[in-house]
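Peer 1: Please read through the structure below; I'll follow up with questions.
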Amino acid sequence: MDTKAGFDTLAVHAGQTPDPATGAVMVPIYQVSTYAQDGVGNHKGYDYSRSDNPTRTPLQHCLAALEGANHALVYASGLAATDNLVRTIVRPGDHVVCGDDVYGGSYRLFDKVIRHWGVTFSYADFSTCDLEKAIPEGTRLVWLETPTNPLLKVSDIAAVCARAKAVGALVAVDNTFATPYFQRPLALGADFVVHSMTKYLNGHSDVVMGMVALNDTATYDKLKFLQNAAGAVPGPMDCFLVLRGLKTLGVRMDRHQQSGKVIAQWLSTHPDVARVYTPLLPSHPNYAVAQRQMSGFGGMISFELKAGNGLSSLERARRFVAATKVFTLAESLGGVESLIEVPALMTHASIEPAKRREIGIEDGLIRLSVGIENVEDLVADLEAAFRA
Ligand SMILES: *Cc1c(COP(=O)(O)O)cnc(C)c1O
C-alpha cells in the first residue's frame, strides 16, 4: 500500500494483501507457535511466534503507516509497551521527566518498578510549566501524555520536543486518547509514540494490547530484540481483532467526536454542572494548542457535579453514575459503548484525596467515554440521571 494514501485507506489496507493461497481478504488468524523448516534454519520468515507471527506482522505494518512511522511493535498491553520502551532507552543514573497526571498505571510502573533500578523521575504539568526549568540538562527521556486523563489537559508537543532536543533528551508521547486519526506526534518532533490499543485503536472493549511506533532503525532493532527476549507479545487472535478494529477507526472517531460535542455543549448549560472539561469547547484553557496540533478530538468528556439536594458532590456523583442505563458504569474507555465513572472513587482512587484535589480532580468529577450509540439516547440517559 502506498503510504501516502489517505488515513482511512491505510486503516483498511496497509500491511495487508489478500492471502496468496486462498484469496481470503482478511488476514487469517495464524493460531500457531512454530513453523516447519525445509532444512535447518531454512524457513519462510517465521520460526517461532514469540519472535514473529504472520497475523502480528501485518498489524505492526498497518500501525506504522497510521502513525507515519518507519516501524511499529505490538505488546501484550499498553503497559508492556511502556515498560519495553523505557527499559530500552534508560540506564541506571538516567533522569526521566514525566507528566504529572499521566495514566496511573504508567506512574506506578515508573515509581514502583523502574525507579528501583536507579533511574530518577521528576514530574511536571507540561500544559502550564516553564519547560526550561521542567526539563533540565542531562534528561534522558521525556514522557508526555496529551490529552491527559481525566482533566483532558493538552500540552504543546512541538514545544516540549524543541526543549527536549536542546538538552539531548528523547520524547515519548502516549497518544492513546487522541489516536493517530487526530494527532501524529512523530510529525511534531516526538521520537516515540506509545498506545494502549485496548482503548480507541481496537475500539470494541474486547482486547488488551499496546504498541510503540518510531522512525529510528537502530532503536527499533533494540526494541525488537527486547520484545523477543522478554516476550510480552500479544496472541494471533488478539492481533486479528485489532486489525479488524482499526478498519473503522476513522468513522468511529468522527462519531465519538460529533456526539461528544453535542453532550459537552448540553452539559455546559446544565444548572447542576459546575464545569465541563473537553478540548472540544472554546472555554478549554488549552483550546488554541489543541486546535493547532490536533485535527479533532474523540468522545472523552469530564464534568463536575455541584453539591445539592443535601448531598455532597461525591455522593451525588456516586448516585448519578449508578442511575445511567445506556452509559455503563465501568473503568476503561474508547469502545463503541458509552462508559461512565467517578475518577475519585475508581480510576484515580489510589491517589490520596488532598493530592487528588491539588491536581484538580474534584470529588464530584464524572468522566464519560461517549460511544457511538444514538446521541439522543445518550442525552436522555444523562438527563434521567440528573433527576434520579
Ligand atoms: C489504559 C491506558 C494505558 C495502559 O494500557 P493497558 O493496555 O491497560 O496496559 C496507558 N496509557 C493510557 C493513556 C491509558 O488510558
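The values are calculated or read from the model by the stated rules, or taken from the named source; none is laboratory data. Only a predicted model underlies this, so the values are computations on that prediction, with no experimental measurement involved. All Cβ positions, even for glycine, are placed from backbone atoms using ideal geometry, and neighbour counts span all protein chains on display. Protein only, heavy atoms only, side chains kept; ligands, DNA and RNA dropped before computing areas. Shrake-Rupley method; radii C 1.70, N 1.55, O 1.52, S 1.80 Å.
Peer 1: Does region 1-53 hold any residues that are in contact (Cβ under 8 Å) with a residue 60 or more places away in the chain and either among the aliphatic types (A, V, I, L, M) or open to solvent by less than 40 Å² (accessible area, probe 1.4 Å) (or both), and which are they?
Peer 2: 1, 7, 11, 12, 16, 26, 27, 29, 32, 49, 51, 53
Peer 1: A further question on this structure: In region 1-48, how many are within 26 Å of the chain's Cα centre (by Cα) and hydroxyl-bearing (Ser, Thr, Tyr)?
Peer 2: Of the residues in region 1-48, 2 are within 26 Å of the chain's Cα centre (by Cα) and hydroxyl-bearing (Ser, Thr, Tyr).
Peer 1: Quick one: count up the residues across region 331-347 that are within 14 Å of the ligand (Cβ to nearest atom) and closer than 23 Å to residue 386 by Cβ.
Peer 2: 7
Peer 1: On to the next question. Considering only residues that are open to solvent by 50 Å² or more (accessible area, probe 1.4 Å) and assigned to a helix (DSSP H, G or I), which ones fall in region 213-223?
Peer 2: The answer is 217, 218, 221, 222.
Peer 1: For the structure I just gave you, tell me whether residue 134 is closer than 16 Å to residue 171 by Cβ and modelled with pLDDT of 95 or more.
Peer 2: Taking the combined requirement at face value, the residue satisfies it.
Peer 1: Could you check how many residues of region 91-101 are modelled with pLDDT of 95 or more and surrounded by fewer than 21 Cβ atoms within 10 Å (Cβ to Cβ)?
Peer 2: 5
Peer 1: Quick one: would you say residue 163 is touching a Phe, Trp or Tyr at 6+ places or on another chain (Cβ under 9 Å), of a type in the set (Lys, Arg), closer than 22 Å to residue 94 by Cα and more than 13 Å from the ligand (Cβ to nearest atom)?
Peer 2: Answer is no for this residue.
For (1) in the same structural domain as residue 74 (by TED's automatic domain parsing); (2) among the hydrophobic types (A, V, I, L, M, F, W, C); (3) under 30 Å from residue 90 (Cβ atoms); (4) touching a strand residue (DSSP E or B) at 6+ places or on another chain (Cβ under 8 Å), each residue gets a yes or a no:
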residue	(1), (2), (3), (4)
218	yes, yes, yes, no
228	yes, no, yes, no
233	yes, yes, yes, yes
272	no, no, no, yes
284	no, no, no, yes
287	no, no, no, no
292	no, no, no, no
303	no, yes, no, yes
317	no, yes, no, yes
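Peer 1: Suppose we filter region 141-190 for residues that are over 16 Å from the mean Cα position of the chain (by Cα) and of a type outside the set (A, V, I, L, M, F, W, C); how many remain?
Peer 2: Residues in region 141-190 being over 16 Å from the mean Cα position of the chain (by Cα) and of a type outside the set (A, V, I, L, M, F, W, C): 5 in total.
Peer 1: Would you check if residue 234 is under 18 Å from residue 332 (Cβ atoms) and either in a loop (DSSP other than H, G, I, E, B) or polar (S, T, N, Q) (or both)?
Peer 2: yes
Peer 1: Among the residues of region 114-134, write down those that are of a type outside the set (Phe, Trp, Tyr), within 20 Å of residue 149 (Cβ to Cβ) and touching a Gly at 6+ places or on another chain (Cβ under 8 Å).
Peer 2: 124, 125
Peer 1: Same structure, new question: Just need a number here: residues in region 249-271 that are open to solvent by 50 Å² or more (accessible area, probe 1.4 Å) and either touching a Cys at 6+ places or on another chain (Cβ under 6 Å) or closer than 30 Å to residue 76 by Cα (or both).
Peer 2: 3
Peer 1: Could you tell me how many of the residues in region 1-23 are of a type in the set (Gly, Ala, Ser) and farther than 21 Å from residue 65 by Cβ?
Peer 2: Residues flagged as of a type in the set (Gly, Ala, Ser) and farther than 21 Å from residue 65 by Cβ within region 1-23 amount to 2.
Each row is one residue, and each column tells you yes or no for (1) over 14 Å from residue 81 (Cβ atoms); (2) out of contact with any Ser or Thr (no Cβ under 9 Å at 6 or more places or on another chain); (3) surrounded by fewer than 21 Cβ atoms within 10 Å (Cβ to Cβ).
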position: 146; (1), (2), (3): yes, no, no
position: 149; (1), (2), (3): yes, no, no
position: 154; (1), (2), (3): yes, no, no
position: 159; (1), (2), (3): yes, yes, yes
position: 168; (1), (2), (3): yes, no, yes
position: 176; (1), (2), (3): no, no, no
position: 192; (1), (2), (3): no, no, no
position: 197; (1), (2), (3): no, no, no
position: 201; (1), (2), (3): no, no, no
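Peer 1: Now, a different point. Residue 168 versus (1) closer than 23 Å to residue 213 by Cα; (2) touching a Phe, Trp or Tyr at 6+ places or on another chain (Cβ under 8 Å); (3) not hydrophobic (A, V, I, L, M, F, W, C): which is the lone unmet condition?
Peer 2: (2)
Peer 1: Additional query: Quick check on my filter: what residues within region 102-138 are within 14 Å of the ligand (Cβ to nearest atom) and open to solvent by 20 Å² or more (accessible area, probe 1.4 Å)?
Peer 2: 103, 104, 107, 108, 109, 113
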